[in-house]
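The values are calculated or read from the model by the stated rules, or taken from the named source; none is laboratory data. For clarity, every value in this text was computed on a predicted model and none was experimentally measured. Neighbour counts run over all protein chains shown; Cβ positions are idealised from the backbone, glycine included.
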Amino acid sequence: MSSAVMPISAILALAAGTYAFRVAGPLLHDRLTLSPALQKLFTTAAVIMLLSLVISSTILDGGAFAGWARPLGVAAAAALYFAKMPFPVIVIGAALTTAGLRAFGVA
């Protein structure tokens, strides 16, 4: 057995924890009241976590720099978003930008 294989006990523990978190929301919704400041903090934390995931996925590929085509494709998507384009146009524009840059040899 390879050391890269996760033991079944760890998989089951992660699955149980994930399920517990998903069930806790509806069960505790009426029992737990958060202050407006704490609600704002959680909202801000969620945005920051999502943004950090987007940035790391954009810039890194396997721990190394992904090249310039991918970040420029994401930048094109951001420009199309701020130009109020529909979602399919944003996705296609980002894909065409990235593919076009790669076709011209930009890594």
**OP:** Determine, yes or no, whether ASP61 is charged (D, E, K, R) and more than 30 Å from ALA77 (Cβ to Cβ).
**Re:** no
**OP:** Evaluate segment 66-81: report whether one residue or more is modelled with pLDDT of 95 or more, among the aromatic types (Phe, Trp, Tyr) and surrounded by fewer than 10 Cβ atoms within 10 Å (Cβ to Cβ).
**Re:** no
